[in-house]
Amino acid sequence: MKTFLLALLIAPGLALAADPPKKDAKKDAKAAVAAPDPAVVAEGAKLFQDRTCWSCHGKDAKTPIMPAYPKLAGQNAEYAERQMLDIKSGARANANAAAMKGVMGLVNDAEIKTISIYLSTLQ
Ligand code: HEC
């Protein structure tokens, strides 16, 4: 009986020790996704500067000029692309989206995709 109780106490500890740290698992999952083409990333960085994106979102894409404006660095590319297309079309519209919508006239859909890929590579 004593041994059984001891095993009950130790087993969960062993199970925890056997689990790989969650952070590494996440890293591995990210590494499994194909790395974006460096040329596309460079083009996205250029567009982010040229099309004035930085003026509201910050040069590093994570120091927005207003607390109500979003940080973009590290965002999932597909998500960022979808949001920009929705703001451009008006499907996403709120008090802040108006500021962003004006700028969406400066980028075509392909450029939006390119910038999104660039943003996803930032830390
Ligand atoms: C005049 C200021 C301004 C400029 C310039 C600007 N944005 Fe924005 N952006 C905003 C605001 C404000 C929002 C949030 C809109 C909302 O709340 O719906 C936003 C939202 C976004 C989002 C969605 C973020 C999310 O988490 O959903 C992305 C992506 C984005 N901007 C990228 C860009 C890019 C790329 C450019 C340059 C082509 C740019 N922005 C230029 C103000 C700006």
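Taken together, the values in this text are just the output of simple stated rules run on the coordinates, not laboratory data. Computed from a prediction, not measured in an experiment: that's the story for all the values here. FYI the Cβ positions are ideal-geometry reconstructions off the backbone, even for glycines, and counts take in every protein chain you see.
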Handout entry: J(HN,Hα) series, the range 62-72, from Karplus relation 6.51 cos²θ - 1.76 cosθ + 1.60, nearest Hz, glycine and proline x
Key = 9, 10, x, 6, 10, x, 7, 8, x, 7, 10
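In a shell of Cβ-Cβ distance under 15 Å around residue 50, excluding residue 50 itself, what net charge do Lys and Arg (+1) and Asp and Glu (-1) give?
Here the count lands on +1.
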Handout entry: Around residue 110: net Lys/Arg minus Asp/Glu count, Cβ-Cβ under 12 Å
Key = -3
Exercise for the section: Just the Kirkwood number for the range 37-121, please: inverse of mean 1/r across all distinct Cα pairs, in Å, one decimal. Expected result: 12.6 Å
